[in-house]
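Note sheet for the following structure.
The values are calculated or read from the model by the stated rules, or taken from the named source; none is laboratory data. What you see is a predicted model, and the numbers here were worked out from it, not measured in a lab. When we count neighbours, we look across all protein chains shown, and the Cβ atoms used for this are built from the backbone with ideal geometry, even at glycine.
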Amino acid sequence: MTDGASLALEARGIVKRFGSVCAVDGVDLDLVRGEIHALCGENGAGKSTLARIVAGTLAPTSGSVLRTGAVGLVHQHFELVDRLRVWENVVLGREPRRGLRLDETAARERVRMLAASYALDVDPDAIVENLPVGIAQRVEILRELSREPTALVLDEPTAVLAPGEIDALFATLRELAARGAAILVITHKLAEVIAHADRVTVMRAGRVVMRSATAATSLEAIARAMVGGEVPGLAPRSGVAPRPAFAARALSAGGGAHALRSATFEVRGGEIVGIAGVEGNGQSALTDAIAGMLPYEGEMSLGEQPLRGDPAARIAAGVRIIPQDRQREGLVLGWSIVDNVALGDQTRPPLARGWTIDRNAAAALATQIVERFDVRTPSIRTSVASLSGGNQQKVVVGRALAHAPRFVVAYQPTRGIDVGAAALVQSRLIEARNAGTAVLLVSFELDEVLALSDRVLVLYRGAIAGAFERAAFDRARIGALMAGAA
């Protein structure tokens, strides 16, 4: 029995309905001071809804939440003001003043000291919209830490962090817990649960199906509880003979610390080339240049032909991009699944009929993607905004792989999705590779890169720092190169 004095938050009988859908169904949850508590479950299990309720940003349909102090919530999809600087976002609403005027010097110093205290390296004067995703997440965490919460809820906080950054974040959370805070981490990364959490709660279909001390359970048991059975394995790799598909020669793009610098490499048909590296080392510049969204120097070719033109021309040539941010770059949230899967191909057969879209063909494509990727939705006419994050990602990946593309860039393809959905997406990428598609996998999950890739290239400060064939993968060496070791 938990000592009442140690409770930072107590939730009882929480129910949340959205129309006829019951997202959270009679859930109890305790957050204890000094403890890291992990909340796991498939996409759509109700985790994020429960997090918003315990943080006080969403009212339950029924049930009660007792809080002993402030609760901070770090969202999976950031809620920052893109055009403001880092320090402005962190102090927003609680700005230090000198008389009636904003004290910018004090605000900057406050943010700098807070970042140093928690080992979260950010530039207080950087504009948020120019930051890589991983750095922006640090800003979101700093903003909540600046409010000195009694309990801190983090929704998928490590989805875009490299291994070293993940360890640093959990060291920060452990220190925060040692100072008396209660920490709730929503995560799909079960190895993190076992390594860092004190307790774990698993939800499925809105209900709690497992509670345990992490010392008394296992990764496999948590995974089985999440999916209600055994987790599917990856698709087998076939021996498709590689052939030249995409090549980059002395490719440079972007500017500043996150630029790509003179990268030369190729991706052959029937193989997956993984890009390993800490976020902010040129990955975004690389993918944006390939997509035709960023000016570049050097050369790119697809087969024997130069790769040129705007994004529409790249799509027409057989290039598909799975973007790192599904909501900002991959989907029109107010549109249906049907309309979203037609994006990019609406002017070409089989989706085009004269000057209009063939609605029957678009519906057939949407149905195929929903079935093949197990998209949980009541209808293909459903708005993608109403889908869970994992189901949104399945729509994005399904669209990219639907037309047997020649070359696919998969940028963080399993970011923020549960173990079952991630295994499905990874298997579909391997199947595309087996069918002869060239796949460039850009992921900050080193385990994912090593599991899927035939070859691995390490990016550090925008340059290729090392290359490894599958038979010679060396996790320690790759990790060292990611950190800048010679």
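Miscellaneous remarks
- Among the residues listed as R320, R261, the single one being basic (K, R), in contact with a His (Cβ under 9 Å, 6 or more places away or on another chain), surrounded by 15 or more Cβ atoms within 10 Å (Cβ to Cβ) and in contact (Cβ under 8 Å) with a residue 24 or more places away in the chain: R320
- Residue satisfying condition, being assigned to a helix (DSSP H, G or I), in contact with a helix residue (DSSP H, G or I) (Cβ under 9 Å, 6 or more places away or on another chain) and of a type in the set (A, V, I, L, M), within set L152, L184, L173: L173
- Selected residue [over 25 Å from R372 (Cβ atoms), touching a strand residue (DSSP E or B) at 6+ places or on another chain (Cβ under 8 Å) and either outside the structural domain of N391 (by TED's automatic domain parsing) or crowded, with 19+ Cβ neighbours inside 10 Å (or both)] from L459, L441: L459
- Scope the range 90-124; condition at pLDDT 85 or above, under 20 Å from E79 (Cα atoms) and out of contact with any helix residue (DSSP H, G or I) (no Cβ under 7 Å at 6 or more places or on another chain); matching residues: L92
- Restricting the first member to the range 17-29 and to residues that are surrounded by 14 or more Cβ atoms within 10 Å (Cβ to Cβ), and the second to residues that are charged (D, E, K, R) and in a strand (DSSP E or B), the beta-carbon pairs closer than 6 Å and six or more apart or on different chains are A23/K16; V24/K16; D25/R207.
- In the set (1) buried (at least 18 other Cβ atoms within 10 Å of the Cβ); (2) without any contact (Cβ under 8 Å) to a residue 40 or more places away in the chain; (3) within 23 Å of the chain's Cα centre (by Cα), the condition left unmet by R314 is number (3).
- Tally of residues being in a loop (DSSP other than H, G, I, E, B) and not acidic (D, E) across the range 188-207: 5
- For the condition farther than 21 Å from G255 by Cα and in contact with a strand residue (DSSP E or B) (Cβ under 6 Å, 6 or more places away or on another chain), Q327 does not qualify.
- The lone exception for W87 - which of (1) surrounded by fewer than 16 Cβ atoms within 10 Å (Cβ to Cβ); (2) in contact with a helix residue (DSSP H, G or I) (Cβ under 6 Å, 6 or more places away or on another chain) it fails: (1)
- Residue under evaluation R211, criteria (1) basic (K, R); (2) in contact (Cβ under 8 Å) with a residue 40 or more places away in the chain; (3) farther than 25 Å from D474 by Cα, criterion not met: (2)
- Number of positions in the range 35-77 that are among the polar types (S, T, N, Q), in contact (Cβ under 8 Å) with a residue 60 or more places away in the chain and closer than 22 Å to V384 by Cα: 3
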